[in-house]
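The block underneath contains the structure these notes are about, expressed in structure tokens.
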Amino acid sequence: MDRNTSTVDAVIVGAGFAGLYAIKKLRDAGFRIQAFEQGDGIGGTWYWNQYPGARVDLECWDYSYSFSPELQDEWDWSERYPTAQELMKYLEHVADRFKLREHIQFNTRVDTAEFDETRNLWRIRTSDGKTTLARFFVPASGVLSVPKPPEYPGVDTFKGEAYHTGRWPKTEVKFEGKRIGVIGTGSSGVQTIQALAGKCKHLTVFQRTAVFVVPAKNHALTKAMRDRVRLGYAERREISRITRFGIAAPMSVESALEATPEEMAMKYENAWTNSQLLGFRQCYGDILSDDKANETVADFIRGKIRSIVKKPEVAQKLLPYGFPFGTKRPCLGDTYYSVYNRDDVTLVDLKATPIEKFVPEGIVTSEGLIELDMIIYATGYDALSGALTRIDVRGVGGRKLTDKWADGAKTYLGLLTAGFPNLFTVTGPGSPGPLANMSMSIEQHIDWITNCMTYMRDKGYDRIDAQPEFEESWMQGVQDIVKRTLYLKANSWYLGANVPGKPKVFLPYLGGHGTYRKKCESVAQAGYEGFTLSKSTSNTQETAGAT
Ligand code: NAP
């Protein structure tokens, strides 16, 4: 073997929440591992998303690792929804506390991954020109990590500064005295807009689709608050593991259609006042499955928007229509709607006045030129499958992953895709992924993967592949579940609808985190039902659950 090639048990991609936990779990289980990270530091999503106002929209108690009670006890969060900077500090602390850095090679991109069928090894080539041979390939490279560029003519001609929220520079960006345009009003746009209003000369928001923004009610945490959560933390985590969204939030089973107007008004007012991401969805069991039930929430929030935004013509543009509440991820924000009462903020409704082109001085809409010094693209991501399809992955018979997924990504259990043995996806297509608490989902995936690899090592197997019929049936199940909901009515990134040319297939499993966890456990207990396990040396093969 030449000096440029090394061999390990597993290559992990990424040093964010998923990558760090994969390093810890697999190393502690005795596997030799190598992790590659494109950035020059720890943090993954939070490393890249240092845009103004960036913070998580799940409470810190839930959006954090649960694997170590000691870590849970010693880390003091400062706010209910920590900033990207605080999350970075937390992840850096985790990396140092558990001595994970030594396994990570920073500033290194994985370019290609090719499966060697004769030896059941992945041959992984990286941007430093080196090759790593690995039995297992674990891309933990994130669900929302490949920024979607804007698709307008003349984008490159713009003379001013231009940034994507998902690739925020590490150097200081100055906003004072500048005319800034923000394109996009999803979670990233909403946070950026709130942070920049009043901090620059003029802010112009280019809105294609108005979103539902519910109050964040972020606040600083006191010691008493932290102590209270710690008292019941173990139980809170246990409950989270069996719930639909991976957090301990009770979900009502009542129908909104059977509620009296007074009851409903009280519940919705309470959800607005004591807000959190799931607040409104907790109120009734049919909000995500019945149009009329959904409209009651949508209507309530539209009423709030009208009452906050002083100019009726601006309020009108901000009213979300055309998709049911919750089918695009709702955003959290405390000042979002009131920002539009400022004289130094302008809202451009792109449905009425579309962008025609970019020019050196700014953006030309159907109403003329808007001069800008800076443009911020909050235009989202090639979600779920994007990070994996950016790598040139070739499986059995040299088949490209991009060819296999040309009509939509397919996996069995969101864990392996047939024809690409020993490649484990983490919170990817076919898993609950972003529709549940990501940190809880990540731990569940990595625990399952580690147990599976340990089982294979103990039994002498060196290859695992998903059986195509199980994969088909799993993905069919994913589609059957979503058809019972309202999610297909929105052009969301869950569906790939935000990326021109991407097949429109709903990728997350909507059956719930708890149900999914149980299914994964029962598959493992049945000897990895639906997977084929084999040994290259003896050519022994075991097909679990074959019909
Ligand atoms: P996003 O939800 O996909 O929003 C992108 C926005 O850009 C949408 O308003 C979209 O409009 C608009 N857009 C896209 N292309 C455009 C174009 N060519 N012209 C004009 N507008 C365009 O992306 P995101 O805001 O980055 O959020 C993605 C996900 O990341 C969130 O849903 C959330 O899960 C996660 N996130 C979480 C947090 C948090 O924890 N607080 C923060 C940021 C992000 P359309 O709706 O019309 O497509």
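The values are calculated or read from the model by the stated rules, or taken from the named source; none is laboratory data. Everything numeric here is computed off the predicted structure, so don't read it as measured data. Positions of Cβ are generated from backbone atoms using ideal geometry, with glycine treated the same way; all protein chains shown enter the neighbour counts.
Does residue 141 qualify as being part of a loop (DSSP other than H, G, I, E, B) and either out of contact with any Phe, Trp or Tyr (no Cβ under 7 Å at 6 or more places or on another chain) or within 16 Å of the ligand (Cβ to nearest atom) (or both)? Criteria met by residue 141. Counting the residues of segment 7-40 that are within 16 Å of the ligand (Cβ to nearest atom) and more than 15 Å from the chain's Cα centre (by Cα) gives 0. Residues satisfying the criterion are present in segment 324-339 (criterion: crowded, with 20+ Cβ neighbours inside 10 Å and part of a helix (DSSP H, G or I)).
Determine whether segment 338-346 contains at least one residue that is of a type in the set (Phe, Trp, Tyr) and more than 13 Å from the ligand (Cβ to nearest atom). Yes, segment 338-346 contains a residue that is of a type in the set (Phe, Trp, Tyr) and more than 13 Å from the ligand (Cβ to nearest atom).
For the condition closer than 30 Å to residue 207 by Cβ and of a type outside the set (Phe, Trp, Tyr), residue 139 does not qualify.
Take the residues of segment 184-213 that are out of contact with any strand residue (DSSP E or B) (no Cβ under 6 Å at 6 or more places or on another chain) and not polar (S, T, N, Q): which is farthest from the ligand (Cβ to nearest atom)? By that ranking, first place goes to 198. The number of residues in segment 360-390 being over 21 Å from residue 160 (Cβ atoms) and either of a type in the set (Gly, Ala, Ser) or in a strand (DSSP E or B) (or both) comes to 7. Tell me whether segment 124-143 contains one or more residues that are among the acidic types (Asp, Glu), at pLDDT 95 or above, surrounded by 15 or more Cβ atoms within 10 Å (Cβ to Cβ) and over 25 Å from the mean Cα position of the chain (by Cα). The answer is no, given that none of the residues of segment 124-143 is among the acidic types (Asp, Glu), at pLDDT 95 or above, surrounded by 15 or more Cβ atoms within 10 Å (Cβ to Cβ) and over 25 Å from the mean Cα position of the chain (by Cα).
If the condition is being in a loop (DSSP other than H, G, I, E, B), on the phi < 0 side of the Ramachandran plot and not basic (Lys, Arg), then segment 234-251 contributes 243, 245, 247, 248, 249, 250, 251. Residues that are part of a loop (DSSP other than H, G, I, E, B), within 21 Å of residue 55 (Cβ to Cβ) and within 24 Å of the chain's Cα centre (by Cα) within segment 252-291 comprise 275, 276, 277, 278, listed in sequence order.
Apart from one condition, residue 43 fits all of (1) buried (at least 19 other Cβ atoms within 10 Å of the Cβ); (2) of a type outside the set (Ser, Thr, Tyr); (3) within 16 Å of the ligand (Cβ to nearest atom); (4) outside any loop (DSSP other than H, G, I, E, B); the exception is (4). Looking only at residues in segment 54-84 that are more than 23 Å from the chain's Cα centre (by Cα) and not in a loop (DSSP other than H, G, I, E, B), which one is surrounded by the most Cβ atoms within 10 Å (Cβ to Cβ)? Filtering segment 54-84 for residues that are more than 23 Å from the chain's Cα centre (by Cα) and not in a loop (DSSP other than H, G, I, E, B), the one surrounded by the most Cβ atoms within 10 Å (Cβ to Cβ) comes out as 71. Within 16 Å of the ligand (Cβ to nearest atom), closer than 23 Å to residue 333 by Cβ and of a type in the set (A, V, I, L, M): does that describe residue 87? Criteria met by residue 87. Considering segment 144-183, and only residues there that are near the ligand (Cβ under 9 Å from one of its atoms) and either out of contact with any Phe, Trp or Tyr (no Cβ under 8 Å at 6 or more places or on another chain) or among the small types (Gly, Ala, Ser) (or both), the residue that is nearest to residue 498 (Cα to Cα) turns out to be 151.
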